[in-house]
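Below: the structure, in structure tokens.
Read-outs throughout are calculated quantities, based only on the coordinates presented, and are distinct from any laboratory measurement. Please read these numbers as outputs of a predicted model, since none were measured by experiment. Please note: Cβ atoms are built from the backbone with ideal geometry, for glycine as well, and neighbour counts cover all protein chains shown.
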Amino acid sequence: MTKKIALFPGSFDPFTKGHEDIVLRGLKIFDEIIIAIGYNSKKSSRYFDLEFMQERISSAFTKYPNIKVVVFSELTAEYARKNNAQYLLRGLRNTTDFEYENSIAQVNRYLNAELESVFLITSPEYASISSTIIREVHKYQGDVSKFLPYKL
């Protein structure tokens, strides 16, 4: 039987408890999950350094040998192909997320016909959390610890 590998790509600037929830729920479906931190071309710069985020996210999943955290800088569909990931794992908070993710899923499917996008609806307790809000709170020295699965 083929191992089910999912790629969970994102800028994760920062990676939130909502992201963690999607990954842990995804483990009920997939044998392995690759959390792939990449650049978002819509953002001019990152708030948190890529390597810093990779270290922090890895620290949140040390007891899960089937979760790998990587940094990548290529088309998601191509990275998935190179790493034998047959699935893209994505979380949806609302209809705006759906519209955005649906467009991306269609392009990824065109670029890699073997790649299937799987969407999980965000758990209610995490639906209001966004990386943008967390960055803003952190910028002004607010406590963001309850929103993150690791220590900054």
Within region 16-44, the residues that are assigned to a helix (DSSP H, G or I) and either farther than 21 Å from R81 by Cβ or among the hydrophobic types (A, V, I, L, M, F, W, C) (or both) are K17, G18, H19, E20, D21, I22, V23, L24, R25
With the first residue restricted to region 103-127 and required to be in contact (Cβ under 8 Å) with a residue 60 or more places away in the chain and hydroxyl-bearing (S, T, Y), and the second required to be part of a helix (DSSP H, G or I) and surrounded by 15 or more Cβ atoms within 10 Å (Cβ to Cβ), Cβ contacts under 7 Å at 6 or more apart or on different chains are T122/G18; S123/D21; Y126/K17; Y126/G18; Y126/D21
For region 32-48, the count of residues that are surrounded by 12 or more Cβ atoms within 10 Å (Cβ to Cβ), out of contact with any Phe, Trp or Tyr (no Cβ under 8 Å at 6 or more places or on another chain) and more than 19 Å from I133 (Cβ to Cβ) equals 2
Expected output for region 68-84 (first residue in contact (Cβ under 8 Å) with a residue 12 or more places away in the chain and more than 19 Å from T2 (Cβ to Cβ), partner surrounded by fewer than 16 Cβ atoms within 10 Å (Cβ to Cβ) and among the aromatic types (F, W, Y), Cβ below 7 Å, 6+ apart or cross-chain) is S73/Y39
